[in-house]
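Heads up: the structure comes next, in structure tokens.
The values are calculated or read from the model by the stated rules, or taken from the named source; none is laboratory data. Computed from a predicted structure; not experimentally measured. Heads up, the Cβs are rebuilt from the backbone with ideal geometry, glycines too, and the neighbour counts pull from every protein chain shown. Please note that ligands, DNA and RNA were not included when accessible areas were found on the heavy atoms of the full protein model with its side chains. Shrake-Rupley method; radii C 1.70, N 1.55, O 1.52, S 1.80 Å.
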Amino acid sequence: MDDGSLPAIAKLRAEGGSHVVTSTFPSVTGPAYAPFLLGRYPGPVGLPALRWYDRARTQAAFPHYTRSYVGHEMRHVDRDLAADAPTLFELAQPAVGALSVITRGLGRGQRLGNDLRFALRAARTHFSGNVGGWLAIDRAIGGEVARRIRTERPRFVFAALTGIDKTSHAEGHDQGTVRDAMRIVDDVVAEIRADAERDGCWERTHLWIVSDHGHSPVQQHEDLVRVVRSLGHRAMAHPWVFRVRPEVAVMVSGNAMAHLYLDLASRERPWWPALGARWQGLVDALFERPSVDIILLPESPTRCAVLGRGRGRGVVRMDPDRDGRPHYSYQPETGDPLGIGTLRCATADEAWDATIASDYPDAVVQIAHLAGSARAGEIVLSASREWDFRARFEPIPHLSSHGALHREHMLVPLVVNRPLAGPARRTVDVMPSALEVLGITPPAGLDGESFV
């Protein structure tokens with residue numbers, strides 16, 4: 001925006017504002033759409049990661065009981081979501097969704113980029129590693145979004161332009177093709193605005209731009225499933241999930257985070273420290289790997305141990321207060337793995353304020369909600385800088401990655417065309433803010449708060 005490359009977005013900033021907010025953990029496309037469209041953290045509403053293991057065996061199919069939203073299983077996202085968490089599409093009609101992983105509430109004609117023809121095009125683009133193809137998709141989808149707004153005037157539109165992410169993975173997030181992808185977003189903004197100004201409805205239009213996650217350079221790729229197998233465990237991982245009597249499910253996302261599911265024969269989720277008798281050796285071995293920065297060991301739905309490389313152990317806890325809102329605590333024990341000091345009985349806003357300047361912004365809240373969710377793994381990993389956890393099976397080797405708790409992944413921009421009435425902190429605040437603009441009463445149980 002500052003160097004003039006994105007004039008339409010810069011104009012929005014000048015009139016409304018530009019803010020830095022935190023994404024969610026995992027900071028991964030798909031789960032990180034849940035805050036925008038449901039106002040909820042992804043783990044508790046059923047999307048713990050891009051790939052996960054269905055211990056309860058209620059959603060994923062026999063014989064592997066795993067889910068991967070990379071490919072044809074993306075069609076299951078809406079069914080995997082908690083039924084009692086309504087989407088913006090369900091609440092604000094008529095609506096349009098473009099390239100959205102979450103589509104519940106949209107009719108067939110309201111979904112852009114959701115038909116078989118487009119799915120084949122996207123699959124061909126992805127698996128051939130055609131970076132330029134993603135830019136062509138963004139141009140086509142962006143143009144159709146602008147046309148739909150101009151001709152149909154829907155009440156709510158959600159458009160996910162993914163070229164910035166795809167080009168960042170393939171060439172590095174600071175390369176020229178990434179700027180080309182950003183300019184496509186700018187062109188779409190300019191067209192939407194020009195149409196609205198011409199039709200006299202710009203003053204009633206709210207146009208917000210936000211990202212689901214950040215990016216940072218990757219120099220080395222850890223083949224996490226091979227590491228687990230080398231330690232003597234029968235492990236399964238995508239794309240080859242068919243294993244005889246697997247002991248560990250290695251589910252990588254982003255690719256800088258991973259869930260490891262243990263004792264797979266049990267449909268009841270086990271917790272630490274009871275798991276230590278059999279699995280402490282695996283934790284110790286993982287911590288010897290330079291790829292691992294943080295290990296989370298969930299001890300109950302409200303308590304999680306946090307281990308940081310060379311920084312000792314602490315504990316995150318989430319407790320309900322008299323008003324029904326959760327409060328958060330973080331207690332360093334043998335060290336301070338998050339580098340924030342002690343935090344006692346803090347509100348979500350207080351926890352955000354206490355962590356925003358750290359290397360792990362909003363980590364206390366994000367850890368609490370993910371680690372305690374029913375579909376999370378028994379070991380959750382956040383990668384070290386310049387590392388990720390997937391060395392094979394990517395169509396293009398990743399030069400930039402995301403998914404971890406690091407600030408480069410967790411901090412994202414929010415640009416709005418109207419000044420905000422209150423502080424913007426998290427992407428989970430976007431949905432209740434949109435509801436307020438639209439005059440819709442928010443449903444119960446939202447994790448976010450309106451900033452308008």
Just name the residue that is nearest to I295 (Cα to Cα) out of those in region 240-267 that are of a type in the set (D, E, K, R) and touching a residue at least 24 places away in the same chain (Cβ under 8 Å). D263
Would region 226-234 turn up any residue that is surrounded by fewer than 20 Cβ atoms within 10 Å (Cβ to Cβ), in contact with a strand residue (DSSP E or B) (Cβ under 6 Å, 6 or more places away or on another chain) and touching a residue at least 12 places away in the same chain (Cβ under 8 Å)? yes
Going through (1) open to solvent by 60 Å² or more (accessible area, probe 1.4 Å); (2) in contact with a helix residue (DSSP H, G or I) (Cβ under 8 Å, 6 or more places away or on another chain); (3) closer than 23 Å to P419 by Cα one by one, R204 fails only at (2)
The residue that is most open to solvent (accessible area, probe 1.4 Å), considering only those in region 183-201 that are out of contact with any Leu (no Cβ under 9 Å at 6 or more places or on another chain) and charged (D, E, K, R), is R198
From the residues in region 197-225 that are among the small types (G, A, S) and touching a residue at least 12 places away in the same chain (Cβ under 8 Å), which one is nearest to E152 (Cα to Cα)? S211
If you check A376, A424, A391, which single one turns out to be open to solvent by 40 Å² or more (accessible area, probe 1.4 Å), assigned to a loop (DSSP other than H, G, I, E, B), of a type outside the set (K, R) and at negative phi? A391
Can you name the condition, by its number, that T29 falls short on among (1) over 11 Å from the mean Cα position of the chain (by Cα); (2) open to solvent by 20 Å² or more (accessible area, probe 1.4 Å)? (1)
Region 76-118: number of residues that are closer than 16 Å to A146 by Cα, free of Cβ contacts under 8 Å to residues at least 24 places away in the same chain and under 22 Å from the mean Cα position of the chain (by Cα): 1
List the helices (runs of 4 or more DSSP H) that sit entirely inside region 113-197 and contain at least 1 residues that are among the aromatic types (F, W, Y). 116-127, 131-152
Which numbered condition in (1) open to solvent by 70 Å² or more (accessible area, probe 1.4 Å); (2) farther than 26 Å from G214 by Cα is the only one that Q110 fails? (1)
Would you tally the residues in region 353-373 being open to solvent by 30 Å² or more (accessible area, probe 1.4 Å) and either of a type in the set (A, V, I, L, M) or out of contact with any Gly (no Cβ under 7 Å at 6 or more places or on another chain) (or both)? 4
Filter region 292-327 for residues that are surrounded by fewer than 21 Cβ atoms within 10 Å (Cβ to Cβ) and over 19 Å from G372 (Cα atoms); the one that is farthest from the chain's Cα centre (by Cα) is R322
Under 7 Å between Cβ atoms, which residue pairs at least 6 apart in sequence (or on different chains) link something in region 158-182 that is crowded, with 23+ Cβ neighbours inside 10 Å with a partner that is among the aromatic types (F, W, Y) and outside any helix (DSSP H, G or I)? none
R344 is checked against (1) assigned to a strand (DSSP E or B); (2) open to solvent by 10 Å² or more (accessible area, probe 1.4 Å); (3) more than 17 Å from P44 (Cβ to Cβ); (4) touching a residue at least 40 places away in the same chain (Cβ under 8 Å) and fails just one. What number does that condition carry? (4)
Inspect region 217-225 for any residue being over 30 Å from T167 (Cα atoms) and not hydroxyl-bearing (S, T, Y) and give the result as yes or no. no
Conditions: (1) touching a Pro at 6+ places or on another chain (Cβ under 9 Å); (2) within 28 Å of R269 (Cβ to Cβ). T342 meets all but one. Number of the miss? (2)
Take the residues of region 350-373 that are in contact with a Pro (Cβ under 8 Å, 6 or more places away or on another chain), of a type outside the set (F, W, Y) and in contact (Cβ under 8 Å) with a residue 40 or more places away in the chain: which is farthest from V315 (Cα to Cα)? S373
Of the conditions (1) out of contact with any Gly (no Cβ under 7 Å at 6 or more places or on another chain); (2) surrounded by 21 or more Cβ atoms within 10 Å (Cβ to Cβ), L50 fails just one. Which one is it? (1)
Any residue that is assigned to a strand (DSSP E or B), within 19 Å of the chain's Cα centre (by Cα) and surrounded by fewer than 16 Cβ atoms within 10 Å (Cβ to Cβ) - is there at least one of those in region 402-413? yes
Of all residues in region 237-282, count the ones that are open to solvent by 10 Å² or more (accessible area, probe 1.4 Å) and part of a helix (DSSP H, G or I). 5
Within region 120-141, identify whether any single residue is surrounded by fewer than 21 Cβ atoms within 10 Å (Cβ to Cβ), in contact with a strand residue (DSSP E or B) (Cβ under 6 Å, 6 or more places away or on another chain) and at negative phi, and answer yes or no. no
